[in-house]
Every structure is written in structure tokens, then in C-alpha cells.
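Everything on this sheet refers to the single structure shown next.
The values are calculated or read from the model by the stated rules, or taken from the named source; none is laboratory data. Treat the numbers as computed from the prediction; the structure is a model and nothing was measured. Here the Cβ positions follow ideal geometry from the backbone for every residue, glycine too, while neighbour counts run over all protein chains shown.
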Amino acid sequence: MKFHRYIFRNFQDQLITGKAYLILGPRRSGKSVLLQDIKRDLFPESILLNGEDPNVSNLLLQSSIGQIRQLLGTKKLLMIDEAQKIQGIGNIVKLMLDEIGNLSVILTGSSAFDLQNRFGEPLTGRKKTYYLYPMSQLEFSATESILETNEMLEERMVFGGYPEVWQYPDRISRIEYLNELANDYLYKDVLILDNIRNAGKLQALLRLLAFQIGKEVSNDELGRQIQMSRNTVDKYLDLLSKVFVIFKISGFSRNLRKEVTKNSRWYFYDNGILNTLLTNFTPLVNRSDVGSLWENYLISERLKSQSYQHQYSQNYFWRTYDRQEIDWVEDINGQLTGYEIKWQEKKMSPPSAWRKAYPGAEYKVIHRQNYLDWLCVQAVQETV
């Protein structure tokens, strides 16, 4: 069944002229298909270019503004896929927006580091950024019933949400695809960004993180285990974050001495990639790590939901040195809510230290019976 990605709705209204729209997200997350959908269903009178095509890069680098105006003709929307491949693209787009009236530009990229650097100064105040992640439950809920969602949950916890994964009919094909994705595509931007010759260290680093979901991670210890300096570990983690492989959650504290804040927790944007690194695609019924898989799945899905629905929150975990903890804490305009994540439904009271330190905070337990209410606060409307 065909349906639009959630952020498609952001382009359904009239685009603001003189503005650039950046769509960032990991490779193979569906950015190119999104642009094709926008052209086909919203703006057929637009131009779609591929920044990975050397001819496109040469055209934009060598053409005068008059030639670009001639290229566009009467079209008022230019879209460039993988725009970070074009040197000086920020200045090129700025010139277009300055000189060509009523023009809007949409650009995609798989590296936040590349695009934000290339666009930072030239388009200050003239760009809006959106993120496109692997498929989210918010999007799956657009076309499936609750019964279908419940039937697919365990498979999604194993194989994740990359769109192409679900085009394959069997487990073996899905595993082969995810291994290809992880080995050939996922680290490509990091290798290019830092001129890294050997991806082995990156994979070793990510494997260590994969086995520590829901735990605080010491970068010094990571470095010792893979014989890498602390500074190099810090750099690689930062780069892997900027190409949307992993994301960091810090410890929450309001200056209470017994709260842990030194180390961070790391999660993967996609469970399929997590299981690829674990080299484990065994069904959940035969696994001992269901709790950590569930935690990674829910937290990554919550992050997507916040992004797509424009829910602005500061996110943390919370733990004290005497091991009282809360898996996920959201701070929205100073209002705190702590969430405990459990695979099985379970009644729980907030930790005593949390209750004492933050008496006005809310506390909720998220489990299989209520997680959809947490992830799908608003119904997706763009079904076709």
C-alpha cells in the first residue's frame, strides 16, 4: 500500500519563496523517494537534480545566474538530492535565492556535518531543516490496524524500519540487505568525512555500544578495549552521530550530588542495524536481550515521533549512585516526566530519590499494552 512519509505534510502548503528546505537523514532512509513523491504529487512543475551526478555538479558550479535562470524557466521549485556532494552548494543556493524571484529550494543529504557546514553561514536565517529517519511506527500506523501493528512488533524490533527491508519477503533476504547496508553504505559518509581508510575500528566501536544499550558508557573504557585514544573515540562517536547511526542521551541532574551525569548512554536509530552489529536476528522468543532491544526500539521511535510532530523536548536518563534510575526523562518547558520502559506490563512507583528531588514531576511506565499511545499521539492522515 502506498503512503507518504510523515514529513510530506510539511510541503503540502505553499512553500515560502526565497527559502531553502534541508532534509537530513541516514542513507537509504527514503529521501530520494520523498523528493520524487513531492514532484509527482505536489509540484510537478519543478526540477529534480541528483547531486551525486558529476554533470549536475559541473552544471551548477560553472553556470552563471543567467544560465541557471534559463534552466529553471518558469519553474519555482528546485530540488537537489544528495546536495552535500556539490562543492560550495550553500553559496550557489544563496545566489539563486537572491537573484531569482519566487524560487524555493529543497535539498537532501545524509550527513548533518557536511550540509550544516556547507550551508551554515550562506543561508543563515533562510533555511528550515527537517529530518527523515527509517520508517517510524507513526508512519506504519497510517496504513495498518492495531492488530497488524501488534503482529509486526517483534519483527520490527529485530529488522528495524529501513524502507527497503520490508520489500523482501523472507528473513534471509532481510538479513542480507541489512548486512550490505551496514558494511557498504552506513559508514560511507564517516569514511569520507574523516578520510578513514579502515572501517574495522568503527565497527568495533559500534559493536561495543550495541552490547551496552541502556547502560552508561565510558569513552575511556571504549578506547582501552579497541586500542584507540579517548580523543579519537570522541571524534568517531560525534561523526557517527552526524550521519545518523547513533545518538547520545546524557544524564539528568539539577545539581544533586548523588545524581550520575559523567557518562552518557548511546542508542541506535534503527534496531535492524543494532541487530546487525550484534550478529543476532534470532526471534525474540529465543533471546535474552529483549529488554535492551525494547528500550532501543521505544527510545528511537520516541525520538522520531518528537521530531515529526514538532514536540520540543530535552531528553535524558536519570540515575543515582545508589542505583535508583529512570530510563527516559523529558523536560518540556521545565515540566519533567520520567518514563520507565518495560517489556511486560508492570505497576511501578517512582524511585524515592526522584519523588523527593522533583515532587512536581510526572512518572509513567511504558509497556507493550500502552506504547502506541506514547508514540502515536497524533493520527497520520496522509494515506493514499
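A quick yes/no check of all residues on (1) out of contact with any strand residue (DSSP E or B) (no Cβ under 6 Å at 6 or more places or on another chain); (2) within 22 Å of A210 (Cβ to Cβ); (3) surrounded by 15 or more Cβ atoms within 10 Å (Cβ to Cβ):
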position	(1), (2), (3)
N275	yes, yes, yes
L293	yes, yes, yes
S307	no, no, yes
W343	yes, yes, yes
M348	no, no, no
Notebook entry, point to check: Within the range 243-263, how many residues are within 25 Å of R27 (Cβ to Cβ), at pLDDT below 95 and in contact with a Ser or Thr (Cβ under 9 Å, 6 or more places away or on another chain)?
Noted result: 2
Next item on the list: Considering only the range 53-74, state which residues are loosely packed, with under 14 Cβ neighbours inside 10 Å and either more than 23 Å from F43 (Cα to Cα) or not hydroxyl-bearing (S, T, Y) (or both).
Entry: P54, N55, N58, L61, Q62, S64, I65, G66, Q67, Q70, G73
Margin query: Can you tell me which residue is modelled with the lowest pLDDT among those in the range 47-84 that are farther than 30 Å from L186 by Cβ and in a loop (DSSP other than H, G, I, E, B)?
Written below: S63
Next item on the list: Please determine, by comparing only the residues of the range 314-341 that are without any contact (Cβ under 8 Å) to a residue 60 or more places away in the chain and in a loop (DSSP other than H, G, I, E, B), which one is nearest to the chain's Cα centre (by Cα).
Entry: N333
Item checked: Residue count, the range 85-97 (criterion: surrounded by 21 or more Cβ atoms within 10 Å (Cβ to Cβ) and either in the same structural domain as V190 (by TED's automatic domain parsing) or part of a loop (DSSP other than H, G, I, E, B) (or both)) -> 1
Next item on the list: Output the qualifying pairs, or none if there are none: Cβ atoms under 8 angstrom, residues six or more apart or on different chains, first residue in the range 247-264 and under 24 Å from K304 (Cα atoms) and assigned by TED's automatic domain parsing to the domain that holds L237, second residue in a loop (DSSP other than H, G, I, E, B) and among the hydrophobic types (A, V, I, L, M, F, W, C).
Entry: G251/V260
